[in-house]
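Reading through the structure tokens given below for one structure.
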């Protein structure tokens, strides 16, 4: 690796698609592998190199067990990726376990860390593939909703308009699921959402209030759907 010319790793066919890195127990190889990944992560923030860097990293995920924390330590790179709106970005982030890292930071981080992690989670949920991924299993949905509830509790203790503006759209997007996840949210939404004073506070920011209105409307629809499903099950059950 030390003899490689100083050019984009993702643009080098001899490296990216023909000659994969070999895994070795030698510390030198580990250092080379980390340096290789770091250079590719840097390329993710460069528009002319991003697509190839994503392809190379996606193809070699099984070799890069350190990739998720490496990406997380480059939060600026993740934000640049999300703002690029490339169709490959969300699947790439999901495959590299970014959501668990976001949730961990949202749970234990300070306000700045919580805000950065919630921003990333929000962007993932704004994407249809990202929303579908979170709502695909009960484990994923409840892991996300639990941490959102914890952040909401944090905001109640230490008011933060920045965090509130990020978290309300997350709830709203989850409520757009018309499957079990959306229905589950109707009964697991924090009680503060029924508090008149809290509802009035949401009206102070027009954008936040639009997301809140959509959330309340979706909750109403999902609750109706849940009640209808219950009526159907009840009406088709054998009489006792």
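The values are calculated or read from the model by the stated rules, or taken from the named source; none is laboratory data. All values reported here derive from a predicted model rather than from experimental measurement. FYI the Cβ positions are ideal-geometry reconstructions off the backbone, even for glycines, and counts take in every protein chain you see.
Pull up the range 189-206, narrow it to residues that are assigned to a helix (DSSP H, G or I) and in contact with a helix residue (DSSP H, G or I) (Cβ under 6 Å, 6 or more places away or on another chain), then point me to the one that is farthest from residue 161 (Cα to Cα). Show your work before the answer.
We begin by selecting, within the range 189-206, every residue assigned to a helix (DSSP H, G or I); these are 191-194, 196-202, 206.
Okay, now just the ones that are also in contact with a helix residue (DSSP H, G or I) (Cβ under 6 Å, 6 or more places away or on another chain), so 192, 198, 202.
Working: 192: 16, 198: 12, 202: 10 Å.
Among them, the one singled out is 192.
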Legend entry - Condition broken by residue 222, with the remaining ones in (1) closer than 20 Å to residue 145 by Cβ; (2) modelled with pLDDT under 90 satisfied: (2)
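Yes/no matrix, rows are residues, columns are (1) outside any loop (DSSP other than H, G, I, E, B); (2) over 9 Å from the mean Cα position of the chain (by Cα); (3) surrounded by fewer than 22 Cβ atoms within 10 Å (Cβ to Cβ); (4) free of Cβ contacts under 8 Å to residues at least 60 places away in the same chain:
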{"position": "86", "(1), (2), (3), (4)": "no, yes, yes, yes"}
{"position": "113", "(1), (2), (3), (4)": "yes, yes, yes, yes"}
{"position": "122", "(1), (2), (3), (4)": "yes, no, yes, yes"}
{"position": "129", "(1), (2), (3), (4)": "yes, yes, yes, yes"}
{"position": "156", "(1), (2), (3), (4)": "yes, yes, yes, yes"}
Inset, instruction - Output the number of the condition that residue 45 fails; it satisfies all remaining conditions of (1) surrounded by 15 or more Cβ atoms within 10 Å (Cβ to Cβ); (2) at pLDDT below 90; (3) assigned to a helix (DSSP H, G or I). - result: (3)
